[in-house]
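None of the figures in this text is laboratory data; all of them are computed from the coordinates on show. For clarity, every value in this text was computed on a predicted model and none was experimentally measured. We place every Cβ from the backbone using ideal geometry, glycine too, and count neighbours over all the protein chains shown.
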Amino acid sequence: MGNVIVLLCLAICGMAAPAAADPDEGDVQAVYCLATDRRARLAEAAFDLNLAKRVPGSADGLLVDGRTYTIEEWRAKSPADFRRACRALMATVPQLAPAEEQNWLISLLNTLASLAAGAALTLLAQRVESNRSRRVAEAEALRQALNGFLQQAQDYVDQWAANPRVAHASVAAKRSELTAELRRFLDFRRYRKRIERLLADLPLGEDLNTEYPGDPDFQQRSGHGVEQRRLLAETAVSVEALIRDHRFGVLGWPRRGRKPSREAIGRSAPEVLA
């Protein structure tokens with residue numbers, strides 16, 4: 001915003017003295033209209049404007065008030081008439097025609113409007129990029145938590161089928177990390193119901209011996225393990241859908257589309273989907 005203020009000040013100062021760098025109009029007219037090959041045309045312009053009369057037998061002589069003048073003498077006697085005739089002659093040459101002067105206030109307003117539009121676009125682009133970077137970071141943090149939980153959960157389920165006394169503490173810790181990352185998304189109202197369902201359905205909240213009491217045998221534990229892997233796969237699909245919507249949303253709004261494919265989920269939980 002500071003740069004915008006500086007540009008506005010420069011624009012206003014530039015409007016204050018736009019003609020300072022322009023060459024003197026009288027010098028331009030003298031150089032152009034007093035050239036040898038343009039004197040006769042200058043005289044014709046003076047005749048057409050009734051500023052002087054023709055001198056018989058002279059191409060560039062001028063008759064004013066009964067007296068004959070050369071171009072230089074006429075310029076010295078009647079500078080205003082000279083300037084008028086010279087301007088008329090120069091106006092016949094497109095590249096020399098004086099540009100129409102625009103009101104300085106209109107010029108200033110146009111400049112300010114352009115600067116304001118540029119500043120608005122810059123701020124919008126910065127906000128879009130900031131939102132995109134934030135969403136990418138949040139999505140990656142959630143994916144890392146999901147990967148850690150799925151890996152630990154898969155190991156626990158496999159080990160429990162062979163040894164029901166395996167510790168649940170490590171998977172509980174990873175589950176807590178995933179729960180914490182999911183809870184961050186409760187701040188986004190559009191995700192709230194999805195997050196609440198995910199938190200309610202998140203598997204392995206308890207030791208499997210507690211979830212399946214009665215001292216099941218190996219075959220029963222293997223069957224329970226299949227059920228737990230199915231629940232883990234469903235969790236992976238739901239969380240990956242959330243990650244996709246959050247990461248690729250436009251200006252912070254989620255992008256709705258197809259559910260992630262098995263290939264996409266497989267990158268997060270290859271063992272779960274095996």
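Rounded to 0.05, the FRET efficiency of the Ser176 and Glu129 pair, given R0 = 41 Å and the Cβ-Cβ distance, is 0.80.
Label positions at Ala119 and Arg67, each projected 7 Å from the Cα along the C-beta direction, are separated by 6.2 nm. Available extension along the chain between Ser107 and Arg87 is 4.7 nm, counting 0.36 nm per residue and deducting the alpha carbon span. The packing ranking of peptides 173-185, 53-65, highest mean first, is 173-185, 53-65, where packing means the average number of other beta carbon atoms within 10 angstrom of each residue. Shape call for the range 60-150 from the C-alpha gyration tensor, a ≥ b ≥ c root eigenvalues: rounded (a/c under 1.5), prolate (a/b greater than b/c) or oblate? In terms of gyration-tensor shape, prolate. Straight-line reach from Lys193: taking Cα to Cα under 14 Å and skipping same-chain neighbours fewer than 8 places apart, the aspartates and glutamates in range are Asp201.
Of the chymotrypsin sites (Phe, Trp or Tyr not before Pro) in the range 109-165, not one is in a loop by DSSP (not H, G, I, E or B) with at most 14 other beta carbons within 10 Å.
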